[in-house]
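Working notes, beginning with the structure itself.
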Amino acid sequence: MATKAEVASHKRKREDDSELSPNTVMPPIKKSKNDSNGESKLSGAFEELLSLSDLDLSEKYRIYPDRGFTPITCSSKLSDYYSAWDHTVAKLPYLNNNSSLRNEVKRWPILSIDHLHSPEDKERAFSILCSVGAAYIYGNKDQDIINKVPPQLSHPWCDLADELNRPPVSSYTSTAMCNWELKDGETELKESNMNLLCGIEGKEDEKLFLLLSVEINAIGGKVIFPLIHSLREIQSSPDSGNITSYFVDTN
């Protein structure tokens, strides 16, 4: 969903009384001249990955044996300080469809991200800002696409993007992986058991498309720990015959 109208530069220059224009396309990642073909950093990260215990992997990288990168839970409400954000995203489809979203956002206070303390709240806030930002820029069928967003949206959006080390743009993480909640009484991560927290269109096909991908991600994520275990086995004993035990039930 990223276009030049949605992507703001991390190395932005803010004018004191101007809006931020999110129309700078992120440059391609270049390999460092001091890094031999970019391999040394990758090798270091790979070595760290294999050296960490399963518990450390979950705590540091939020990878879980039963669901991979899918979070254990997602925040569905922020503190009262961010009530304007929560109220807007709760009625985002309505505001977008009747062309009142842009005026609504301009009435927001300019909020600091300093009151977002937990990873879940940071992801919730980022999902809100990405969803509102995309709807603000693209509008509806009766509105023109615009290439500026007001500081009420751009400032916290870019600040939080810097905090999360991600570009201020809608992505799978913000629109799907960290944008769901289980329905009351449900425990299994299935599309039919989940609600979408931040939606732009408010339609069933939007919900189905995003939540089905969460279900698939959680199923596929179960292979991450066996892969890491097998790589550890190969590293410690390349000729070991125990590798298949991580993937195949031999009983």
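The values are calculated or read from the model by the stated rules, or taken from the named source; none is laboratory data. This structure is a prediction, so every number in the text was calculated from the model and none was measured. Neighbour counts are summed over all protein chains in view; Cβ atoms, including those assigned to glycine, are modelled from backbone coordinates with ideal geometry. Side chains included, ligands, DNA and RNA excluded: accessible areas come from the protein's heavy atoms. Shrake-Rupley method; radii C 1.70, N 1.55, O 1.52, S 1.80 Å.
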* Residues (outside any helix (DSSP H, G or I), without any contact (Cβ under 8 Å) to a residue 40 or more places away in the chain and open to solvent by less than 40 Å² (accessible area, probe 1.4 Å)) located in region 85-120 -> S100
* How many residues does region 143-181 hold that are within 25 Å of N98 (Cβ to Cβ) and either open to solvent by less than 40 Å² (accessible area, probe 1.4 Å) or touching a residue at least 24 places away in the same chain (Cβ under 8 Å) (or both)? -> 17
* Name the single residue, out of those in region 182-202 being in contact (Cβ under 8 Å) with a residue 40 or more places away in the chain and farther than 13 Å from R67 by Cβ, that is most open to solvent (accessible area, probe 1.4 Å). => E201
* Asked: Yes or no: L50 touching a residue at least 24 places away in the same chain (Cβ under 8 Å), outside any loop (DSSP other than H, G, I, E, B) and over 21 Å from H117 (Cα atoms)?
  -> yes
* To do: Find the residue count for region 53-82, including only residues that are in a helix (DSSP H, G or I) and not aromatic (F, W, Y).
  => 8
* To do: Name every residue in region 203-223 that is assigned to a helix (DSSP H, G or I) and surrounded by fewer than 17 Cβ atoms within 10 Å (Cβ to Cβ), in order of residue number.
  => E204, D205, E206, L208, F209, L212, S213, I216, I219, G220, K222, V223
* Asked: Does region 124-136 include one or more residues that are farther than 26 Å from L212 by Cβ and not polar (S, T, N, Q)?
  -> yes
* To do: Say whether the condition of being on the phi > 0 side of the Ramachandran plot and modelled with pLDDT under 95 is met by at least one residue in region 184-203.
  => yes
* **Pairs with Cβ under 6 Å, 6+ apart, first in region 210-238 and under 15 Å from F69 (Cα atoms), second of a type in the set (S, T, N, Q)** => N217/T70; A218/T70; G221/T70
* N140 passes all but one of (1) within 18 Å of S83 (Cα to Cα); (2) open to solvent by less than 60 Å² (accessible area, probe 1.4 Å); (3) outside any helix (DSSP H, G or I); which number fails? -> (1)
